[in-house]
There are 2 protein chains.
Amino acid sequence: MEIRLGIVGLGTVGQGVLELLERQGAFYSKSLGLDFRITAVCARGEKALARVADPACFKTQDPLAVANHPEVDVFVELAGGEDAPKAWVEAALKSGKHVVTANKALLAKHGAELFPLAAARGRQLLFEAAVGGGIPIVRTLQESLIGNDIEGLACIINGTCNYILTQMAVNKESFADALADAQRLGYAEADPTFDIDGWDALHKVSLLASLAHGKYVDYRRLTAEGIRNVSALDIRMAEELGYEVKLLGVVERAPSGESAGRILAAVYPVLLERAHQLASVQGVLNAVYLKTSAAGPLLLTGAGAGKLPTASSVLSDLIVAARCDASSSAGANAFFSAGNAADLLSIDELETEFYLRLTAVDRPGVLSKVTGILGDHGISIRALSQKPEHDAENVPVIILTHTAKNLDVMRALAEIDALDIIRDRTRVLRFYK
Amino acid sequence: MEIRLGIVGLGTVGQGVLELLERQGAFYSKSLGLDFRITAVCARGEKALARVADPACFKTQDPLAVANHPEVDVFVELAGGEDAPKAWVEAALKSGKHVVTANKALLAKHGAELFPLAAARGRQLLFEAAVGGGIPIVRTLQESLIGNDIEGLACIINGTCNYILTQMAVNKESFADALADAQRLGYAEADPTFDIDGWDALHKVSLLASLAHGKYVDYRRLTAEGIRNVSALDIRMAEELGYEVKLLGVVERAPSGESAGRILAAVYPVLLERAHQLASVQGVLNAVYLKTSAAGPLLLTGAGAGKLPTASSVLSDLIVAARCDASSSAGANAFFSAGNAADLLSIDELETEFYLRLTAVDRPGVLSKVTGILGDHGISIRALSQKPEHDAENVPVIILTHTAKNLDVMRALAEIDALDIIRDRTRVLRFYK
């Protein structure tokens, strides 16, 4: 059976897809009876278009011409961008094509329109490559774990941040130096904001939360804290306490009480016990840890980005699309619609233990004032340590709390940071268990 | 759509399947449009049969009556046993039913007949639960990684052995004590041979090797070494060197030379560097580590056995069978046929570094004799240590070799163990990198 592909975007991932189709084509043909042929391609510039050698292939710089092309069965969107591709994907679905995309920003922002459209048209909208690069997390959640409730999920889902934190921990580098390293190696963009402030991770977490709970989770209603404010000192302190600092995407469902069943999804840096399976995920690796109701705890670790890992996930979607079993993820796709929105809990409601690093003047009475304010907000202290430092104007005070509500801690810190004895904004890390 | 299930076996896993169908039934019906109904069931004894409450359900103690039952769409084999279920599965396939099984022994032994039969009849023979319990490794290999060559695979796939080795390492227990512990906790059978001698792992490894390479790998042609001969002393020595001892299933494809493309699959205890991702897999957990050509290294960790994890995998297969896309793994299934046998390399050809623990008399000239024999077989020594011990008749000598061929090492050890200065059979562990 011939499957005609229309590809938009021949950048890194697009080239990876061409490479894998080349390598695996004979196998797909022989073992699966699937003959992939690229019948239309769109890229910026003649040089990129020349990568597809077939003279019969329609070449254009207009993505819509591919989306609307009558001789395309599967539309493969690898151009990126969070708004422009929406119209292409819509056109492709409306003209009866399956769609495969690696674009998490597009889906996070417009998925609530695109997935119902795909379901209505009986077409596939597949996105294994959009979350976790080469890790098969989408299919695992959609298919393999379909006998389970997902009770909780924690993920290291942004390689840039994990690389930076790993460098800071291993080489005792500052955040700025580690970021510069990451930029030099191509792991971070020139403008790293999207990664280091947690937005990339949040897009992915919203997709994972939707898949895990069968309800639409809008990333615009979630909180992201990045790693910009994690200092070498925090990492050293965490280490002394037996913890690693990681940027985690966390999805949890309130198990009981008045919030029972509501979903909390967020991205923030955490302290992870060194023995936790996620703590040893180093460098640009990604990992997803699932707490499932039947299968138990499950961990998937692998390359979260890169040309071939991402292309590998695109290929797995191409096979699914080629088999054209429109039913196979229609159920899951229908989850992503505004009419099926998840009942979200704000991060205000998060209950966990906190690591607080205050920067105080070395003066009598400081600790009693600070602990007094914490006590007023019902926050009880598990450990407190004040390290002797050279600079009496800038003394770090580390406070570990017992389980407390995020909102209470934020309110207490607003008061604490307004004190004249506090010299800098208090740094907050949460624990994850 | 109603899907009629015929279940044989209501032991632990069977009960787990009933429990999950109960829990998830409403969700499958509402979100996927799939209504599962158990129309026939077979178990030993009335008490077990009474677990299915539906009075309309056909109940029998004859598995063939379920396999041949006209009102069954999917035959679910959860009885176990490596020979008896063959006839049931054949009957089910011949009467047009899909088959879901958790039975690795059946598939390892009779898969080369059963898979081609399923393909010929256009029916599914699904077995996610047969390897790795709740870990979705079968679907990951069959579908998610279909854009990859699997260059290598290493797995901790027998929870009993991993539990015993973990206990020996953490609690400094002897093998016998750790085994007794495992038996007390229900992790090991009264007759533990099948697990601790590596046979259970070998069944699973043969299935994984077939899936990974698209060629039939017959377990009867593979080598299994279990953990019976791993001593507390070996684990202590490994620890001092910075290694963990694990029972690994290893599948590799010779990358070059005259054996290029040939497959080596085996089960044996190895020394793993402590930083290796598999080294931290503790207790009854299972893990599969894949070296893939495009997606990079990938690790899946989770519960390798147990009622609900195994049932979770059965459920994911039920969904696939229900969607009835007969094409979806027909390709992979056809791999398992005697006519498509893999070109296997014997473990004789394995090249790796070795850990050898000799038990020698403390007498001048011992080391020169031993090292002389190793040298005669072209085996070069990376490190040698002789520990002072109380018993001069039983001195442990640890030798680490550089990379050497398994056959050469075995030949050298046959000579060494025949020396009158050697008091016990030399223990062999291999390194895995």
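Overview of results
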| quantity | calculated |
| --- | --- |
| Some residue of segment B:157-167 being touching a residue at least 40 places away in the same chain (Cβ under 8 Å) and at positive phi | no |
| Those residues of segment A:254-300 which are at the interface with chain B (Cβ under 10 Å from one of its Cβ atoms) and of a type in the set (S, T, N, Q), in sequence order | A:Gln277, A:Ser280, A:Gln282, A:Thr292, A:Ser293 |
| Residues that are of a type in the set (Val, Ile, Thr) and within 21 Å of B:Asn103 (Cβ to Cβ), drawn from segment B:157-188 | B:Ile157, B:Thr160 |
| Tally of residues being open to solvent by 10 Å² or more (accessible area, probe 1.4 Å) and among the aliphatic types (A, V, I, L, M) across segment A:53-71 | 4 |
| Qualifying positions in segment B:19-43 - among the polar types (S, T, N, Q) and either in a loop (DSSP other than H, G, I, E, B) or crowded, with 16+ Cβ neighbours inside 10 Å (or both) | B:Gln24, B:Ser31, B:Thr39 |
| Filter result for the condition that a residue is at pLDDT 95 or above and not assigned by TED's automatic domain parsing to the domain that holds B:Val251, over B:Leu298, B:Leu285, B:Leu318 | B:Leu318 |
| Some residue of segment A:159-172 being in the same structural domain as A:Ala212 (by TED's automatic domain parsing) and over 28 Å from A:Glu244 (Cβ atoms) | no |
| Residues (more than 24 Å from the chain's Cα centre (by Cα) and not hydrophobic (A, V, I, L, M, F, W, C)) located in segment A:67-89 | A:Asn68, A:His69, A:Pro70, A:Glu71, A:Asp73 |
| Residue tally, condition open to solvent by 20 Å² or more (accessible area, probe 1.4 Å) and either in contact with a Lys or Arg (Cβ under 9 Å, 6 or more places away or on another chain) or farther than 25 Å from B:Ile146 by Cα (or both), over segment A:89-111 | 7 |
| Single residue of B:Ala120, B:Ala180 found to be away from every other protein chain (no Cβ under 14 Å), closer than 26 Å to B:Asn340 by Cα and assigned to a helix (DSSP H, G or I) | B:Ala120 |
| Residue list for segment B:356-399, restricted to those being in contact with a His (Cβ under 9 Å, 6 or more places away or on another chain) and not aliphatic (A, V, I, L, M) | B:Ser380, B:Arg382 |
| Considering residues of segment B:145-177 that are assigned to a strand (DSSP E or B) and among the hydrophobic types (A, V, I, L, M, F, W, C) only, the residue surrounded by the most Cβ atoms within 10 Å (Cβ to Cβ) | B:Cys155 |
| Test result for A:Glu77, modelled with pLDDT of 95 or more and either closer than 23 Å to A:Phe127 by Cβ or crowded, with 24+ Cβ neighbours inside 10 Å (or both) | yes |
| Filtered residue count, segment A:201-253, keeping only those that are more than 14 Å from chain B (Cβ to nearest Cβ), under 30 Å from B:Ser31 (Cα atoms) and among the polar types (S, T, N, Q) | 2 |
| Filter result for B:Glu46 (surrounded by fewer than 17 Cβ atoms within 10 Å (Cβ to Cβ) and at pLDDT 95 or above) | no |
| Of all residues in segment B:112-140 being open to solvent by 10 Å² or more (accessible area, probe 1.4 Å) and touching a strand residue (DSSP E or B) at 6+ places or on another chain (Cβ under 7 Å), the one that is farthest from B:Leu300 (Cα to Cα) | B:Arg123 |
| Test set (1) at pLDDT 95 or above; (2) assigned to a helix (DSSP H, G or I); (3) touching a strand residue (DSSP E or B) at 6+ places or on another chain (Cβ under 8 Å) - A:Ala87 fails condition number | (3) |
| Qualifying positions in segment B:44-82 - over 24 Å from B:Lys307 (Cβ atoms) and assigned to a strand (DSSP E or B) | B:Phe58 |
| Qualifying residue in segment A:1-18 (condition: open to solvent by 50 Å² or more (accessible area, probe 1.4 Å), within 12 Å of another protein chain (Cβ to nearest Cβ) and of a type outside the set (Lys, Arg)) | yes |
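The values are calculated or read from the model by the stated rules, or taken from the named source; none is laboratory data. All values derive from a computational prediction rather than experimental measurement. No Cβ is skipped: glycine too gets one built from the backbone with ideal geometry, and neighbour counts run over all protein chains shown. Note: areas computed on protein heavy atoms with side chains; ligands, DNA, RNA excluded. Shrake-Rupley method; radii C 1.70, N 1.55, O 1.52, S 1.80 Å.
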